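One structure below.
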């Protein structure tokens, strides 16, 4: 089983590489190469990973390769936003995304009672994963590229 690591600003280059590789299929499915995970700069990611309001979790292979990552943005209220759940393309479909989602939920601070996220409407595997974990669609927002973002939410029970 891949070791779990806390990601920091020092991991930004590796996280950005993983993020871009993982989002290529999303860009193809949605015919949109301007997805924020593909256009995020290294400086932006360094700032995000350095923020005390971001929980960043990674999975590394036995040889140290970053094979998956997820980030949670905390807010002053009881809602947190999960984002950038990514797994290297050659290991997708092997349960790493489920593991990362579970780890993210387990590491939420006590005050978080709701977790939100969004994904593209053409991301069938993502939508199935989130539904399996109890997330429910709250609404959709259209994008300029002609597809909708599906917003989901889950109550966190402690």
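Nothing in this text is a laboratory measurement; each read-out follows from the coordinates by a stated rule. Just so you know, these numbers come straight off a predicted model, no measurement behind them. Neighbour counts are summed over all protein chains in view; Cβ atoms, including those assigned to glycine, are modelled from backbone coordinates with ideal geometry.
Roughly what percent of Cα-Cα pairs across the stretch 30-85 reach past 14 Å?
Working: 1008 of 1540 pairs.
Result: 65 percent of Cα pairs exceed 14 Å.
Just one of (1) 39, 37, 31; (2) 61, 38, 34; (3) 51, 38, 24 is Cα extents along the principal axes in Å calculated from these coordinates, so which is it?
Structure-derived value, by its label: (1).
I'd like the distance separating the alpha-carbon centroids of the stretch 91-158 and the stretch 1-38, in whole Å.
With the stretch 91-158 and the stretch 1-38 each reduced to a Cα centre, they are spaced 16 Å.
Of the candidates 35, 85, 66, which one comes out as most mobile in a Gaussian network treatment of the chain with C-alpha springs shorter than 10 Å?
Maximum among the listed residues: 35.
List 30, 151, 139 from most exposed to least, where exposure is judged by having the fewest other Cβ atoms within 10 Å. Before the final figure, lay out each step's value.
Numbers: 30 22, 151 16, 139 11.
Going from sparsest to densest Cβ surroundings: 139, 151, 30.
What does the helix-only formula give at 222 nm for the chain: each DSSP H stretch with n ≥ 4 adding -39500 (n - 2.57), the total divided by the residues, and the result rounded to the nearest 500 deg cm²/dmol? The partial results should precede the final answer.
On the way: 5 runs with 52 residues, N = 158.
Computed mean residue ellipticity for the chain: -10000 deg cm²/dmol.
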